[in-house]
Structures are given as C-alpha cells and as structure tokens.
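Take a look at the structure below.
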Amino acid sequence: MNNKRLFYVFMVAISMVAIIAPIAMIIILSFSKNYSWPSVIPNDFGLRGWNYVFENRGRVLTSLGNSIFISSMTTLITVLISIPCAKVLALDDIRGKKIIESLVFSPIIIPPVSIGMGLSVEFIRMGLARTYLGVILVSIVPCIPYAVRMLKEVFLIIGKKYIEQAYILGAGTFYTYRYVLFPMLLPGIISASMMCYIVSFSQYFLVYLIGGGRINTFTMDMFPFIQSGDRMLGAVYAIIFVLSTFFTLIVMEYILKKIYKNEMENYNYI
C-alpha cells in the first residue's frame, strides 16, 4: 500500500513539474533580454516585450477579440453539428457507417495543408475567402472530429432507451433533444466545447490561408515572433494566449454548468 501511494505521489509530482516547468520558462523568457546557453538563468532582464504589447495594445486587443469571436462561433456551430452526427454514429444502424465515421475523423489524420489547399480554391469561388464566415467555416473542420468523438461516447452511455420512451410518449424530435437528451448531454457538451475552443483558437495555417492576411487573429500575430527567434516577444504573446484562453474557458464552463444546474432542477418536472 505504501509503495502504491509512493508511486501515485511520484506520478503527481512528475505531472506537476511537466505542467509548471514550461509555464515558468515562458514567464522567464518574457523578461529576458539575453538568455544564451549554458546559462541557467538569463544574463539580462528587460521589459521590451511587454512595452511592445502595451504600445501596440490596439492591434493586440483587436487580434485577440477576433480570435475569441471566431473560436466562440466555431465552437457553437461545431457542437450543434456534432450532436446529431454523434447520435447517428453511436446509436443508429445505417449503411456505410464505418465509411462515414472515417470521413468524420479524417481531419485528424489528413495534414492541414491538404485540407486548406483544397478548401481555399472552393472558398475563393464561393466568395468566402478573406471573410469571417470563411475563417469560421474552415476552423470547424479540425474541430469536428474531437466534438463528435466526445459526444459519441456520451450517446453510447445514454443508449436508445430514453429516446424510444420519449417517442412512445408522443414527443417529437425537437422535444426529445431539448427535454430528454440535452440535460444528459450537457457534461459532454461542456468537454467538447472546451476542446473545440482550444483547437480553433490555436489555428494558424488554415486561418492564414483562408483569411488571406485580412482576418487578423492572435496566432497570426504570435507565430511570426516565434519563427523569427524573438523569444521575448514570443513568450509575452504565449502568456497572453494562455491567460485569455484560460479565462474564456472558465467563463464558458461557468455558463454551461449554470445551464446544466437549471436543467437538472427542472428535469423532474418535465
């Protein structure tokens, strides 16, 4: 028992180090003017990165606002699409189910370059290139597999019995989803929403390809600094990236859990 407890403590400690160490390094880099090997700590500190962000706060806030808006809309649309798709893959018996499932999960396997190049041609023809709608639609593609996978597992746990009982009692499709499935799906929706938001917020290549540089997001501002080797500015943007995502996810989780609590309170009266 002691050995087992020691093993758990060791694994928790390793996990904490794996989480804290990169964050601590980013914070150090955001203040380091000169940090070269083999120095353990920076040779010189400064505020150039933070001064740059403060002086260009208008651009930073605009790109951050664009990212939050695009990611939020992407998350909403993705979850709405994924719920019926996950239900079909989990509970319905249809022809070609394995093929459909493979297509749904293919964005995880297919490189974003292939997806982006194929969609960019069609988006240009449809007039969606360099528009917010186009960027939101292309951001949905890499998010779909994660949302469907999470919600599919929830549907497998729920099973068909509640849906069949609702139909037997005369409920239509809308009322079945709204009053029967939605309260039970909410924990899965919360998890899927968080994953979709992070995936969408992190997109760079697809946004750059479809947005054409006109739709400026936070990652499009951040990546050039990282690629050019400006570690100070890259670290400052990374800190803002983490904090903005963290606080947005907290707000999202609070709202969804509030809805879940209200649904559970009213559930016995339906």
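Here is a check on your reading of the model: is I215 more than 15 Å from the chain's Cα centre (by Cα) and under 30 Å from L61 (Cβ atoms)?
Values: more than 15 Å from the chain's Cα centre (by Cα): yes; under 30 Å from L61 (Cβ atoms): yes.
Yes; evaluated as a whole, the condition is true for this residue.
Taken over segment 186-196, residues that are farther than 13 Å from I81 by Cα and either touching a Leu at 6+ places or on another chain (Cβ under 7 Å) or outside the structural domain of I110 (by TED's automatic domain parsing) (or both) amount to 4.
For I100, state whether it is over 26 Å from T217 (Cβ atoms) and in contact with a Cys (Cβ under 9 Å, 6 or more places away or on another chain). When the stated conditions are applied, I100 passes them.
Table: residues versus (1) among the polar types (S, T, N, Q); (2) modelled with pLDDT of 90 or more; (3) in contact with a helix residue (DSSP H, G or I) (Cβ under 8 Å, 6 or more places away or on another chain); (4) outside the structural domain of P42 (by TED's automatic domain parsing).
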position	(1), (2), (3), (4)
V135	no, yes, yes, yes
I140	no, yes, yes, yes
K152	no, yes, yes, yes
G172	no, no, no, yes
F182	no, no, yes, yes
I198	no, yes, yes, yes
Q203	yes, yes, yes, yes
M220	no, yes, yes, yes
I240	no, yes, yes, yes
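For beta carbons closer than 8 Å, sequence separation of 6+ or different chains, a first residue in segment 1-30 that is under 30 Å from L47 (Cα atoms) and a second that is basic (K, R) and surrounded by 10 or more Cβ atoms within 10 Å (Cβ to Cβ), the qualifying pairs are L29/R231. Surrounded by fewer than 18 Cβ atoms within 10 Å (Cβ to Cβ) and either at pLDDT 90 or above or not assigned by TED's automatic domain parsing to the domain that holds Y162 (or both): is that true of F246 in this structure? Here the answer is yes, as F246 does meet what is asked. As for segment 79-88, it holds at least one residue that is surrounded by fewer than 15 Cβ atoms within 10 Å (Cβ to Cβ), within 30 Å of K160 (Cβ to Cβ) and not basic (K, R). If G65 satisfies every condition in (1) outside the structural domain of V199 (by TED's automatic domain parsing); (2) surrounded by fewer than 16 Cβ atoms within 10 Å (Cβ to Cβ); (3) modelled with pLDDT of 90 or more but one, which is the exception? The single condition G65 does not satisfy is (1). Name the single residue that is nearest to T78 (Cα to Cα) among those in segment 195-228 being without any contact (Cβ under 8 Å) to a residue 24 or more places away in the chain and buried (at least 19 other Cβ atoms within 10 Å of the Cβ). Here the answer is M222.
Name the one entry in L91, L119, L137 that is over 20 Å from I210 (Cβ atoms) and out of contact with any Leu (no Cβ under 6 Å at 6 or more places or on another chain). Full working, then the answer.
Details: L119 fails: over 20 Å from I210 (Cβ atoms); L137 fails: over 20 Å from I210 (Cβ atoms).
On inspection, the qualifying residue turns out to be L91.
Residue-level check: of (1) at pLDDT 90 or above; (2) over 30 Å from L89 (Cα atoms); (3) surrounded by fewer than 18 Cβ atoms within 10 Å (Cβ to Cβ), L156 misses just (2). Scanning segment 69-84 for residues that are at pLDDT 90 or above and farther than 29 Å from I136 by Cβ turns up nothing. State whether the residues of segment 45-67 include one that is without any contact (Cβ under 8 Å) to a residue 24 or more places away in the chain and in contact with a strand residue (DSSP E or B) (Cβ under 8 Å, 6 or more places away or on another chain). Yes, segment 45-67 has at least one match.
The values are calculated or read from the model by the stated rules, or taken from the named source; none is laboratory data. In this text the structure is predicted, and so the values were computed from the model without any measurement. Reconstructed Cβ throughout: ideal geometry from the backbone, glycine too, with neighbour counts over all protein chains shown.
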